[in-house]
Amino acid sequence: DAGITQSPRHKVTETGTPVTLRCHQTENHRYMYWYRQDPGHGLRLIHYSYGVKDTDKGEVSDGYSVSRSKTEDFLLTLESATSSQTSVYFCAISSPGPTNYGYTFGSGTRLTVV
Amino acid sequence: DAKTTQPNSMESNEEEPVHLPCNHSTISGTDYIHWYRQLPSQGPEYVIHGLTSNVNNRMASLAIAEDRKSSTLILHRATLRDAAVYYCILSTGNQFYFGTGTSLTVIP
């Protein structure tokens, strides 16, 4: 969507390999989020960031790490990919916080771990 | 934990109004009610949100019960492009809790 891009859009990787997904925004929003979406579960929060180098865990953070060294970039790393991490990953941004102003989502990254 | 309850699916005829219900009996006084929708192969997109009063925008209307334990998203004239999964979400702090949503089918 406008102002937020995710890369890559699709990726196939092997079990045990590290994988990094990138979210880039041009809106200068403070908050950034990573969600995963699986059938029957809706979207579940993995990690979020409320500023440069400020991050926190969401409800399904095990096996994932994040980094935010610049306002515009939020990276999601799968330390050692497993088949259970096959999913569609969405990045979202908001400012000043989602309670009142809501999210803008990216188009998603479809990750397959074989 | 599911914070909202929605029907799994609904159908509507094209050009007719659609009322999508949502129950959120555990809502707290500071929780906002948000609605997003997700078209196939896309990320969710914002539809509308509110706190206590009914809200209208160009996409839809949001009717919030007086006790705030339920709300209804109203699409005034459904079009084929409105076919999507609609999520009713409570925002708590900086986190949204998505349920599995309502899949809306629009019949021509």
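The values are calculated or read from the model by the stated rules, or taken from the named source; none is laboratory data. This one's a predicted model, so the numbers in the text were calculated from it and none came from an experiment. Ideal geometry is used to build each Cβ from the backbone, glycine not excepted, and the neighbour counts take in all protein chains shown. Areas reflect the complete protein model, heavy atoms only, side chains present, ligands, DNA and RNA absent. Shrake-Rupley method; radii C 1.70, N 1.55, O 1.52, S 1.80 Å.
Please report Rg (one decimal) and Dmax (integer) in Å for the Cα set of the protein assembly as shown.
17.5, 52
Hey, with R₀ at 25 Å, roughly what FRET efficiency would B:SER53 and B:ILE107 work out to, going by the Cβ-Cβ distance, to 0.05?
Step by step, r from the Cβ atoms, then E = 0.15.
When the Cα centres of the range B:14-51 and the range A:4-81 are compared, how far apart do they sit, in Å?
Result: 24 Å between the Cα centres.
Distance in nm between label sites at A:ASP62 and A:THR26, each 7 Å beyond Cα in the beta-carbon direction?
Each label point is offset 7 Å from its Cα along the Cβ direction, giving 4.0 nm.
How big is the Kirkwood radius of the range A:1-86, worked out from every pair of different alpha carbons and given in Å to one decimal?
13.4 Å
Leaving out same-chain residues fewer than 8 places away, which lysines sit with a Cα under 21 Å from that of B:LYS3?
A:LYS57, B:LYS69
Classify the range B:61-101: rounded, prolate or oblate, from the alpha-carbon gyration tensor (a ≥ b ≥ c, eigenvalue square roots; a/c under 1.5 rounded; otherwise prolate if a/b is larger than b/c)?
oblate
Accessible area of the protein assembly as shown with a 1.4 Å probe: how many percent of it is carbon plus sulfur?
Using a 1.4 Å probe with all protein chains present, the protein assembly as shown comes out at 46 percent carbon and sulfur.
So if I take the alpha carbon set of chain B, get Rg, then get Rh from the Kirkwood formula, what is the Rg over Rh ratio?
Taking Rh as the inverse mean 1/r over Cα pairs, Rg/Rh reads 0.94.
What percent antiparallel are the DSSP beta bridges of chain A, to the nearest 5?
Restricted to chain A, the bridges split so that about 90 percent are antiparallel.
Starting from the range A:34-69, pick out the trypsin sites (Lys or Arg not before Pro) whose DSSP state is loop and whose Cβ has at most 12 other Cβ atoms within 10 Å.
Qualifying residues, ordered by number: A:LYS53.
Among DSSP bridges having both ends in chain B, what percentage is antiparallel? Round to the nearest 5.
Percent antiparallel among DSSP bridges in chain B is about 85.
With both bridge residues required to lie in the protein assembly as shown, what share of the DSSP beta bridges run antiparallel, to the nearest 5%?
That works out to approximately 90 percent antiparallel.
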